[in-house]
Amino acid sequence: MSYKGFIHHKKGEQDFYELKNKAAEFYRGSSVPEELERALNVLFLQQPDDLYGYLANYFAKLSAPPRISRLNGKEIYDAGGQLSVETEVFCIVNNEETRISSATVSTNFGLETSEDWKATVKERAEHVTAALQWIANPLNKMLKGLNPCDQTQVDHILSKFLADRWQDEKDFQTERMEGSKGIGSDKLPPQEEPVLPGCWAIGTASLAVAKAGAQIHHVPLYKYIAALRSQEAQTYFHIPLPLVTLLSCGNKSPGKLNLPEEVIFIPKAGQRVKQIITMALEIQKEMMRIMNSSSKAGAGSTILSATGAPVASFDRPEQPLDLIAEACHSLGLVLGAEVHLALNCAASELMDYTKGKYEVAAGGLKSPDELVDLYQGLISKFPAIVALIDPLRREDVDQWEKLSNVIGDSCALLTFTPNLQAPPIPGVTGHILQQINETTVSALISFTAEYQGAVLMGTTCREPCSDDSLSDVAVGLGLDYVLLGGLSAGERMTKYNRLISIEEELDQQNMLASWEKHRPPLFTTREPDDSVPPDAE
């Protein structure tokens, strides 16, 4: 060997020796040799059939926690064929990027009418475009690298970002309200809560991250949300009673009647979801039979509303209630015992602001005080009515208090609460939450904790086609009731079916608690106790 070749050989050995030392130092710094030895020892003791699968699972437990790598926004369609937004969450898991979850939420924006549907569709498209832009740029950057299991931090970032985006909009609204001073408030339609273009991204991102956290922890979404709510694993869960819309008969129906918009079936507590659905279908079929065989209740119709319930034609508020009473009597069901009712009044849609009165039927106007009297008469005649939903506008504060005083002992007064920061209405005893627009999972948890025992989840007119997470959310929040709409729409039946699946799963795991002591039948005063075993009651 030449001198130069000898030097080259020695240098190669030296480089290799230094490389080995660096490798050994690198592995020792990460405790790799110790973990390998431990893994091989356990492997020998266990001697599993799938050696490499066992090792893969062993080392997966030692891998770095997943981190959000990016968000992806998609344009999709809801159950009504309208544009909607879906957010996908991608994470780095075991050193590879993986699509973990996706979510979509509803909106209270964009219910088009025959008069302005083109403008509404165009504006809705602008909201979708803005949401996709938020997801693609600012939200993507802010959430990148975060732990998808830290829901509080994620929602804090989302909420702060939204608050910053709201500031200019609030300034604009203030200026507009100041310019309208001096106009009679009873004649001026109240300004609706503005829907900020892009805010859809907040709700979808929050829910998608929650679903990612559940996926990473290998638990169903309802158990994950329950753990977020109580900071510990629950031993038992109860299934919220589903409230089923039996009839739609509001101002969009063919008859003269505008009030109520919906009649809702409240089942007796202690029944399984399948039993409740079966009973509701039997009542509905019997109502349709009566309508088709008699003109007493109005002509039969197979038209379905956006909530998935049959639309019927009536002229007076008593008629749909008489129809249900007759159907229950034919089936041997006792109103006020096995069957209770709620009326979704949607009163804000009935106000004639030029006259300052509610148009409860075509040509039939009622002042706020007269409307209170109407409700009192209906409940006196039909004591099975145990809840009124949005019976008055928020602005009719005196009438809310009056209504509460005259019927509050026997009837709950509920209101849809899209804005969780809105001031409470005097006399309101319960809130219906909807996971829409910018509503985060953390906000839902916080609100239900504040109003414990007086909250239920509800759907919107236009639900996502296949996202059934609302059922998981309702179970995870520990709610007593969930309002899912009618039984003739696929997007609603996915939620009913998910509720059934959760109930069956909990039953198989001996984790299903039975709460049968609902007295009165809506919003009891008892404190829920998830530690109560199934047979305790």
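The values are calculated or read from the model by the stated rules, or taken from the named source; none is laboratory data. Here the structure is a predicted model, which means the values were calculated and not measured. We place every Cβ from the backbone using ideal geometry, glycine too, and count neighbours over all the protein chains shown. Remember, those area values only see protein heavy atoms, side chains included, never the ligands or the DNA or RNA. Shrake-Rupley method; radii C 1.70, N 1.55, O 1.52, S 1.80 Å.
Structural remarks
- Count of the stretch 259-273 residues which are closer than 30 Å to Leu374 by Cα and open to solvent by less than 40 Å² (accessible area, probe 1.4 Å): 9
- Residue check for Gly453: modelled with pLDDT of 90 or more, farther than 25 Å from Asp150 by Cα and either open to solvent by less than 10 Å² (accessible area, probe 1.4 Å) or not hydrophobic (A, V, I, L, M, F, W, C) (or both): no
- For the stretch 356-372, the criterion of a residue being open to solvent by 10 Å² or more (accessible area, probe 1.4 Å) and touching a Cys at 6+ places or on another chain (Cβ under 7 Å) is satisfied by no position.
- Residues in the stretch 193-241 that are open to solvent by 10 Å² or more (accessible area, probe 1.4 Å) and touching a Cys at 6+ places or on another chain (Cβ under 8 Å): Ile216, His217.
- Selection from the stretch 374-406 of residues that are assigned to a helix (DSSP H, G or I), touching a strand residue (DSSP E or B) at 6+ places or on another chain (Cβ under 8 Å) and surrounded by fewer than 22 Cβ atoms within 10 Å (Cβ to Cβ): Leu374, Leu378, Ile379, Ser404
Matching residues to (1) under 20 Å from Ile385 (Cα atoms); (2) among the basic types (Lys, Arg); (3) modelled with pLDDT under 90; (4) touching a Gly at 6+ places or on another chain (Cβ under 9 Å):
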{"site": "Ile290", "(1), (2), (3), (4)": "no, no, no, yes"}
{"site": "Ile303", "(1), (2), (3), (4)": "no, no, yes, no"}
{"site": "Ala309", "(1), (2), (3), (4)": "yes, no, yes, yes"}
{"site": "Ser313", "(1), (2), (3), (4)": "no, no, yes, yes"}
{"site": "Leu321", "(1), (2), (3), (4)": "yes, no, no, no"}
{"site": "Ala325", "(1), (2), (3), (4)": "yes, no, no, no"}
{"site": "Leu333", "(1), (2), (3), (4)": "yes, no, no, no"}
{"site": "Leu350", "(1), (2), (3), (4)": "no, no, no, yes"}
{"site": "Glu359", "(1), (2), (3), (4)": "no, no, no, no"}
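- For beta carbons closer than 9 Å, sequence separation of 6+ or different chains, a first residue in the stretch 325-347 that is under 21 Å from Gly377 (Cα atoms) and a second that is assigned to a helix (DSSP H, G or I) and open to solvent by 60 Å² or more (accessible area, probe 1.4 Å), the qualifying pairs are Leu335/His329.
- Residues in the stretch 482-493 that are in a helix (DSSP H, G or I) and either at pLDDT 95 or above or touching a Phe, Trp or Tyr at 6+ places or on another chain (Cβ under 8 Å) (or both): there are none.
- Of all residues in the stretch 489-502, those that are within 9 Å of Val273 (Cα to Cα) have Cβ atoms under 8 Å from Cβ atoms of residues that are in a helix (DSSP H, G or I) and open to solvent by 40 Å² or more (accessible area, probe 1.4 Å), 6 or more apart or on another chain, in Ile500/Lys274.
- Thr439 being over 27 Å from Leu374 (Cα atoms) and in a loop (DSSP other than H, G, I, E, B): yes
- Restricting attention to the stretch 361-388, the residues that are touching a Phe, Trp or Tyr at 6+ places or on another chain (Cβ under 7 Å) and under 22 Å from Gly458 (Cα atoms) total 1.
- Filtering the stretch 407-427 to residues that are farther than 28 Å from Asp78 by Cα, open to solvent by less than 40 Å² (accessible area, probe 1.4 Å), in a loop (DSSP other than H, G, I, E, B) and touching a Phe, Trp or Tyr at 6+ places or on another chain (Cβ under 7 Å) leaves Ile425, Gly427.
- Subset of the stretch 206-238 (residues that are in a loop (DSSP other than H, G, I, E, B) and modelled with pLDDT of 95 or more): Val219, Pro220
- Every condition in (1) buried (at least 16 other Cβ atoms within 10 Å of the Cβ); (2) out of contact with any helix residue (DSSP H, G or I) (no Cβ under 9 Å at 6 or more places or on another chain); (3) assigned to a helix (DSSP H, G or I) holds for Ala342 except the one numbered (3).
- In the stretch 111-129, residue nearest to Glu88 (Cα to Cα) [restricted to those that are more than 22 Å from the chain's Cα centre (by Cα) and at pLDDT 90 or above]: Thr129
- Identity of the residue in the stretch 506-519, on the phi < 0 side of the Ramachandran plot and open to solvent by 50 Å² or more (accessible area, probe 1.4 Å), that ends up modelled with the lowest pLDDT: Lys517
- Ala269 assigned to a loop (DSSP other than H, G, I, E, B) and aliphatic (A, V, I, L, M): yes
- Summed over the stretch 73-92, the residues that are farther than 17 Å from Val154 by Cβ and either assigned to a strand (DSSP E or B) or open to solvent by less than 40 Å² (accessible area, probe 1.4 Å) (or both) give a count of 11.
- Residue count for the stretch 393-441, restricted to those that are closer than 30 Å to Lys223 by Cβ and touching a helix residue (DSSP H, G or I) at 6+ places or on another chain (Cβ under 7 Å): 9
- Check on Thr448, buried (at least 21 other Cβ atoms within 10 Å of the Cβ), more than 18 Å from Ala412 (Cβ to Cβ) and among the hydroxyl-bearing types (Ser, Thr, Tyr): no
- Qualifying residue in the stretch 274-294 (condition: under 30 Å from Asn419 (Cα atoms) and open to solvent by less than 10 Å² (accessible area, probe 1.4 Å)): no
- Inspection of the stretch 242-252 finds a residue satisfying the criterion of being in a loop (DSSP other than H, G, I, E, B), touching a Ser or Thr at 6+ places or on another chain (Cβ under 8 Å) and surrounded by fewer than 22 Cβ atoms within 10 Å (Cβ to Cβ).
- Residue match in the stretch 459-474 (condition: under 19 Å from Thr417 (Cβ atoms) and open to solvent by 20 Å² or more (accessible area, probe 1.4 Å)): yes
- Residues of the stretch 25-72 that turn out to be among the aliphatic types (A, V, I, L, M), closer than 30 Å to Thr87 by Cβ and surrounded by 12 or more Cβ atoms within 10 Å (Cβ to Cβ), as a count: 2
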